[in-house]
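The values are calculated or read from the model by the stated rules, or taken from the named source; none is laboratory data. Remember, predicted model here, so these are calculated numbers, not experimental data. Backbone-built Cβ (ideal geometry, glycine too); neighbour counts: all protein chains shown.
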Amino acid sequence: MDKILIEGQKKIEGKIKISGSKNSSLPILAASLLSDSEIKINNVPRLSDVFLMIKILESLNSKVTFNKDFCKIKTSRPDNLRVSYDLVRKMRASFLILGPLLTRYGKAEVSLPGGCAIGTRPVDLHIEGLKMMGANITIKDGYVRAKVIGKLKGTEIKFKKISVGATENIMMAATLAEGVTLIKNAAKEPEIVDLANFLIKMGAKIIGHGTKNIKVTGIKKLFACEHKIMPDRIEAGTFALCVMGCSGSLMLENMNNDVCDHLVKIFSPLKPLYLKKRKKGECLHVTKVNKNLQSVKITTKEYPGFPTDLQAQLTASLLKSNGKLELKENIFENRFMHISELKRMGANIKLKGSKLKIIGVEELLGAEVMATDLRASSSLIIAGLMANGITTVNRVYHLDRGYENLEKKLENCGVIIRRISS
Ligand code: UD1
């Protein structure tokens, strides 16, 4: 298992090219199953989650080529419409295969996703939605077995809770269904808009994406298309929080205007962090300025709120700040595994229910720590940057799920960081 060694330092300075979004690539790769024509996707990040999704597509008879950041996919009818536990347990987003397979072939069998380090994360909303569209779904031996006679039927589906994955699964299923599907209380995340734009390029009829009401009018067939994946706002936000934790400045490149505006908005409570759009939003300049942080009260929320995927990194970046620092995790019930590791580095954090209180400390000390999930890993890297001495982060395979070349990108900005492979 690889480890990352990081030598704490005070400054980070340079340029970083932000990769394509993981959370947009995964559903878009799954959506390739909706057509038998060739799909071309640019700006795909080389991440272990992406490689796993490609493995799933290949297990379903798709021919995939992936060179640099360019992915070409051609599907053929799978011999077996089943995605095994072995593939789904490693990545919850594998469940996004269910909607496309069912709507295209009338049948699919996908393992229930396994347990997860950040909470129970059920898939009831995905299943209920597909049932409302006429699917017959049973759960047996840990597998969701879905079939439909003829086509899925468009209907009105109002989610009782906002879910990114369920919105994506139903939106994909609805593209080839009979009639109109109205998704109410849909998630509004930009990655959903990216998926919808991709589906529209394939010929799908979708309106309202990016709002809480999405309307999909089913059609008979989807076609070839080419699409560029949006920038990864969580990766960009993580690097911005590296600057918040240390000092210095970063020019984040390969961005877009909407992602820049979103980051400027969510980080506005962090007064020492100054973000400025450059080149009409293609770049975002992030600088640590000399301002006091008097009080910060941030609650994670669905888009356009503060993303839960940046909560752990935000926590780490504030560990040496003064002021009243309070965070609340509102999306997942147990996304605090990073806290005990941060405490081993000297952090003073009080956790009560879903609320965190951070009491700033003078110094953090480098230590050997263990990554427990993807975003927890990057919070440990940020703490390592802020600490005195050397921090060793174990189990970095979690990091490789969602960050492309993280250590190389930081190294180019003056950070002393090294991967040790064993
Ligand atoms: C996606 C993101 C993940 C992010 C999360 C929330 C991808 C690949 N992953 O995950 O990085 O942290 O959104 O922004 O895009 N829920 C149910 N029933 C369901 C589905 C979800 O109760 O059927 C609950 C979950 O337990 C959670 C909440 O709804 O508490 C939000 O989950 P959801 O938006 O579905 O997250 P994912 O799509 O899995």
*Pick from VAL44, VAL64: which is within 16 Å of the ligand (Cβ to nearest atom), crowded, with 16+ Cβ neighbours inside 10 Å and of a type in the set (Val, Ile, Thr)?*
VAL44
*Taking the stretch 291-332 as the search range and keeping residues that are among the aliphatic types (A, V, I, L, M) and surrounded by fewer than 19 Cβ atoms within 10 Å (Cβ to Cβ), which one is nearest to PHE267 (Cα to Cα)?*
VAL296
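Listed residues VAL44, VAL64, VAL50; which is outside any helix (DSSP H, G or I) and without any contact (Cβ under 8 Å) to a residue 40 or more places away in the chain?
None of the others qualify; the one that does is VAL64.
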*Collect the residues in the stretch 376-422 that are part of a loop (DSSP other than H, G, I, E, B), at negative phi and within 21 Å of the chain's Cα centre (by Cα), keeping them in residue-number order.*
VAL396, ARG401, GLY402, TYR403, GLU404
*asked:* If I ask for residues that are touching a Ser or Thr at 6+ places or on another chain (Cβ under 8 Å), buried (at least 18 other Cβ atoms within 10 Å of the Cβ) and not in a loop (DSSP other than H, G, I, E, B), which ones from the stretch 203-212 would you list?
replied: ILE206
*Of the numbered conditions (1) modelled with pLDDT of 95 or more; (2) more than 16 Å from the ligand (Cβ to nearest atom); (3) closer than 21 Å to ILE382 by Cβ, LYS276 satisfies every one except a single condition; which is it?*
(3)
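Have a look at LYS276, LYS288 and point out the one that is over 17 Å from the mean Cα position of the chain (by Cα) and surrounded by 17 or more Cβ atoms within 10 Å (Cβ to Cβ).
Of LYS276, LYS288, the one residue that is over 17 Å from the mean Cα position of the chain (by Cα) and surrounded by 17 or more Cβ atoms within 10 Å (Cβ to Cβ) is LYS288.
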_Neighbours by Cβ (under 8 Å, 6+ apart or cross-chain): first from the stretch 85-107, more than 18 Å from LEU199 (Cα to Cα); second among the hydroxyl-bearing types (Ser, Thr, Tyr) and within 12 Å of the ligand (Cβ to nearest atom)_ = LEU87/SER94; VAL88/SER94
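Can you tell me which residues in the stretch 84-96 are closer than 18 Å to ALA166 by Cα and either in contact with a strand residue (DSSP E or B) (Cβ under 9 Å, 6 or more places away or on another chain) or not in a helix (DSSP H, G or I) (or both)?
VAL88, ARG89, MET91, SER94, PHE95
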*What are the residues in the stretch 160-177 that are more than 16 Å from GLY218 (Cβ to Cβ), among the small types (Gly, Ala, Ser) and in contact (Cβ under 8 Å) with a residue 60 or more places away in the chain, if any?*
GLY165
*If we scan the stretch 282-304, do we find a residue that is under 18 Å from SER21 (Cβ atoms) and part of a helix (DSSP H, G or I)?*
no
*Test each condition in (1) under 21 Å from GLY384 (Cβ atoms); (2) in contact with a Cys (Cβ under 6 Å, 6 or more places away or on another chain) for SER317 and report the one that comes out false.*
(2)
*Could you tell me which residue of the stretch 1-39 is farthest from the ligand (Cβ to nearest atom), considering only residues that are within 24 Å of ARG401 (Cβ to Cβ) and among the charged types (D, E, K, R)?*
LYS3
